[in-house]
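Notes for the one structure printed next.
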Amino acid sequence: MDNNLEETGLEMEHEMEHGMGHRMTDKAVEFRFAEPQDVNLILRFIKELADYEGMLDQVVATEELLNQWLFEKEKAEVILGMKDGETVGFALFFHNFSTFLGRSGIYLEDLYVRPEYRGQGFGTAFLNRLAAIAVERGCGRLEWWCLDWNKPSIDFYLGMGAQAMSDWTVYTGSYTHPTRATPRSAARTGASG
């Protein structure tokens, strides 16, 4: 989904200021950026999300890898949502770039709310917080992907005003080691050597 902040995000910002999170009035959630000591919790949430998605066998992340990429290299960020001292979930995101907008955006890689906290407005609160971060940083959009079969999440996103990008197809390549790239992939990337 590509949600241009001039359209969806600024509406989110307006609704944040004027009550979009109305279900949160008696269940206020606090957010904080994750720190290195949270790596174990982040990995646990990643595995819980992967299990829900039927992809637990694909998780190869370790605490060491997460610490390296999140905190040493600072390639992504994590916010944790807290309610009464309990962590209700997390959102992992990073900056991408839109050549058409001429500025960066935020790509939400994972949004996870623990099962016992679902349906209470925490997902909405997470997206509101991410939209606020995007606006604070001058980003042009907030976007994310959702599995086609995940109807509860799709309904949730559509209910918030998000729009599916039906005219785009997502492709992926797996390049785990730079010296193992195929000649075809090297030619595509302009690599030589």
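Would you call Val88 within 16 Å of Phe33 (Cα to Cα), among the β-branched types (Val, Ile, Thr), buried (at least 19 other Cβ atoms within 10 Å of the Cβ) and more than 15 Å from the chain's Cα centre (by Cα)? The answer is yes for Val88. Just the residues that are β-branched (Val, Ile, Thr), touching a residue at least 40 places away in the same chain (Cβ under 8 Å) and within 27 Å of Gly138 (Cβ to Cβ), please, taken from segment 67-124. Once the filter is applied, which keeps residues that are β-branched (Val, Ile, Thr), touching a residue at least 40 places away in the same chain (Cβ under 8 Å) and within 27 Å of Gly138 (Cβ to Cβ), segment 67-124 yields Val78, Ile79, Thr124.
The residues of segment 132-155 that are among the small types (Gly, Ala, Ser), in contact (Cβ under 8 Å) with a residue 40 or more places away in the chain and closer than 16 Å to Phe97 by Cα, listed by number, are Ala134, Gly140.
The residues of segment 118-140 that are open to solvent by 40 Å² or more (accessible area, probe 1.4 Å) and not in a loop (DSSP other than H, G, I, E, B), listed by number, are Arg129, Val135, Glu136. Looking for something open to solvent by 70 Å² or more (accessible area, probe 1.4 Å), in a helix (DSSP H, G or I) and either touching a Pro at 6+ places or on another chain (Cβ under 9 Å) or among the aromatic types (Phe, Trp, Tyr) (or both) - is there at least one such residue anywhere in segment 25-47? The answer is no; no qualifying residue exists. Do we find a residue being open to solvent by 20 Å² or more (accessible area, probe 1.4 Å), touching a Ser or Thr at 6+ places or on another chain (Cβ under 9 Å) and assigned to a loop (DSSP other than H, G, I, E, B) anywhere in segment 67-79? No, segment 67-79 has no match at all.
The values are calculated or read from the model by the stated rules, or taken from the named source; none is laboratory data. Everything quoted here is computed from the prediction, not taken from an experiment. Virtual Cβ from ideal backbone geometry, glycine too; neighbours counted across all protein chains shown. Ligands, DNA and RNA are excluded from the accessible area calculation, which covers all protein heavy atoms including side chains. Shrake-Rupley method; radii C 1.70, N 1.55, O 1.52, S 1.80 Å.
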